[in-house]
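The values are calculated or read from the model by the stated rules, or taken from the named source; none is laboratory data. Worth saying up front: this structure is predicted, and the values here are computed from it rather than measured. What goes into the accessible areas is simple: the full protein's heavy atoms, side chains included, and nothing from ligands, DNA or RNA. Shrake-Rupley method; radii C 1.70, N 1.55, O 1.52, S 1.80 Å.
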Amino acid sequence: MPVLNEAQGIRAALEALAPLRGRGHEVIVADGGSNDGTPDLARPLCDRLVVAPRGRALQMNAGARVAEGDVLLFLHADTVLPPHASEAISQSTADHVWGRFDVAIEGRHPMLKVIAWSMNLRSRLSGIATGDQAIFVRRDAFPGFEEIALMEDIAFSKAMKRRGRPACLRQRVRTSGRRWESRGVLRTVALMWRLRLAYALGADPARLAEKYR
């Protein structure tokens, strides 16, 4: 779980994973330099806390390096796994080297349901997963995330598609719609499409990250 200044929600996020820890699954938090007390709140509720340079790719790679499991799951702090997620992952990684869940976006705006539906359909058709969909991968097939400032999930998906299409699980993770609602739902959708197109055309991810922020 890569985190940065998640003090408001980190306790709930990690408490939701306590049943998985109780069954022997390892929970690793990779902090990117929080200054709001996130590490202190997270440390008692996870198996390991690592500090890494800021950036999701850098943080997730740091967490993966110390992980001991056979399968790696990359989970955002504002995303909640569905029931029986570990069983679903175990079954799917028997014949897929990687995969992701469908996503439901929580929030008041009615367009969030449409956005989630389109994300899931696009991912199923294209084989491209986003970080909101809780990407998982067998450890022996994990190439590491390309350490770029943005679009690391897209780059990862393209690399993994050379190994095989993802397992597209229909169980839904629930993720917060705060990003869309705080910036404007349609405005955020338009921004993300522009950034994806620019990335596909070869734009520098660092410049794209500046526009995203």
Over the chain, with a Gaussian network built from C-alpha contacts below 10 Å, which listed residue (ARG124, ARG163, ARG187) shows the highest mean-square fluctuation?
ARG187
Counting only heavy atoms of protein chains, what accessible area per residue, in Å², does the chain have with a probe of 1.4 Å?
52 Å²
When only the heavy atoms of the protein chains count and the probe is 1.4 Å, how do LYS161, LYS113, LYS211 rank by accessible area, highest first?
LYS113, LYS211, LYS161
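Within the chain, what whole-number % of the accessible surface is contributed by carbon and sulfur, with the 1.4 Å probe and all protein chains included in the calculation?
Looking at the chain in its full context, I get 52 percent from C and S.
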Using the Cα gyration tensor of the chain, with a ≥ b ≥ c the square roots of its eigenvalues, what is the shape: rounded (a/c below 1.5), prolate (a/b larger than b/c) or oblate (neither)?
rounded
